[in-house]
Amino acid sequence: MHRDPAPTRVPAPGVTHDVAAHLVDTALTTRTGFVAGLVRARFDFDLQNARGVELRRGASPAETLERLRRVVSRTTTPPASLDTRLVEEVVHGEDIRRAVGLVRSCPQEAVVRALRLQVRTPASFGGAKEAVASVRLTATDADLSIGEGAEVAGPALSLLLAVSGRRVALDDLDGPGSGRSRGPLPEGPRGVSR
């Protein structure tokens, strides 16, 4: 089901405010700006993200939401695969939507591409390669099976959220490997409070 937010809806205080600020920062980050910021943060990716959130966070959730609206059509990107933009949009979009009670169906192709990227990206770069090394992820709503080992099955979006450190999706998963998936997962958004 697709339900759009009302125009006056603002991110909930705290977590969603920081996630929205992170999305603003990412949208405004250019390849050169990313490298310069990483150097200023002494190559500490978490510190760089935290500084970006601090810089882009408005005085209120409404101000941060307005900043997000202004950058929604930007096409700049840090020096990474363009599929990282899908991970940002889908996962952080769900962070915000779920916190404020909104439901939206994401384009399946975007979810699958984001999931494929997350499972091949090392944890040191915000991925889940190590966390899912011994399981097979099977989407019950898409033609997708990734990895080898005990199966973890569920909707592609729930698999993506789980490998991205969102425990909220774990109840949607089952299979022999699903107990293992409730163990060590990625910590969630790096530099962004949850």
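The values are calculated or read from the model by the stated rules, or taken from the named source; none is laboratory data. Just so it is clear, the model here is predicted, and its values are computed rather than measured. Here Cβ is always computed from backbone atoms with ideal geometry, including for glycine, and neighbour counts include all displayed protein chains. Accessible surface is based on the protein model in full, side chains and every heavy atom, while ligands, DNA and RNA are left aside. Shrake-Rupley method; radii C 1.70, N 1.55, O 1.52, S 1.80 Å.
Some points to look at:
- Normalised by the number of residues in the stretch 87-160, the average gap of Cα pairs under 8 Å and 6 or more apart makes the relative contact order 24 percent.
- Cα pair count fraction exceeding 21 Å, expressed as % - the chain: 51 percent
- FRET E, pair V103, L82, Förster distance 30 Å, beta-carbon r, rounded to 0.05: 0.70
- A 1.4 Å probe run over the stretch 34-108, with the rest of the protein chains in place, finds 57 Å² accessible per residue.
- Along the chain, the longest continuous region that contains none of the GluC sites (Glu not before Pro) in a DSSP loop with at most 14 other C-beta atoms within 10 Å is 1-129.
- For K129, nonlocal amide neighbours, meaning residues 5 or more places apart or on other chains whose placed amide H falls under 5 Å from its own, are T121, A123.
- Relative contact order, percent, the chain [alpha-carbon distance under 8 Å, six or more residues apart]: 22 percent
- Computed from backbone phi, the HN-Hα couplings of the stretch 66-74 come to 5, 4, 5, 4, 5, 9, 4, 9, 5 Hz, rounded to whole numbers (Karplus: 6.51 cos²θ - 1.76 cosθ + 1.60, θ = phi - 60°; Gly and Pro given as x).
- Available extension along the chain between R167 and R70 is 31.9 nm, counting 0.36 nm per residue and deducting the alpha carbon span.
- For E151, the residues whose amide H sits under 5 Å from its own are R136, G177, ignoring neighbours fewer than 5 places away on the same chain, with H placed 1.01 Å from N.
- Accessible surface of the chain, 1.4 Å probe, proportion on carbon and sulfur as whole %: 55 percent
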